[in-house]
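Bear in mind that the values in this text are calculations on the coordinates, not laboratory data. Note that the structure is predicted; figures quoted are calculated from it, not measured. Positions of Cβ are backbone-derived with ideal geometry, glycine not excepted, and every protein chain shown enters the neighbour counts.
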């Protein structure tokens, strides 16, 4: 079983949130979308512990069970469809969240998140916390 982490889940994992840790322990593979990687680095640049947080992220990414999910043409196609459909339904979701959802849908992986906005994306499997 695999799962995808969004930014909120990664931060909660580092903070030892019991529900997040439990899901992560059960996963054979943990995927981190490139968008989440970028969001984390953005936050680190804004803070005053850039190198410490970067090192922690590098250690996490070097785990045998963690894989970076790059954005490719298929994910971009999913993103485009999601973005268009949200306009039609009025369920507005942030662009970065749509990219994360597109990756989950493309790879048929559940998303581990604390962000309730993802509930507005049809067909996306969310892990409950």
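Give the residue that is farthest from residue 2 (Cα to Cα), with candidates limited to residues of the range 96-111 that are surrounded by 13 or more Cβ atoms within 10 Å (Cβ to Cβ) and free of Cβ contacts under 8 Å to residues at least 24 places away in the same chain.
98
For the range 20-40, what are the residues that are buried (at least 22 other Cβ atoms within 10 Å of the Cβ) and either over 11 Å from residue 4 (Cα atoms) or out of contact with any helix residue (DSSP H, G or I) (no Cβ under 9 Å at 6 or more places or on another chain) (or both)?
20, 35
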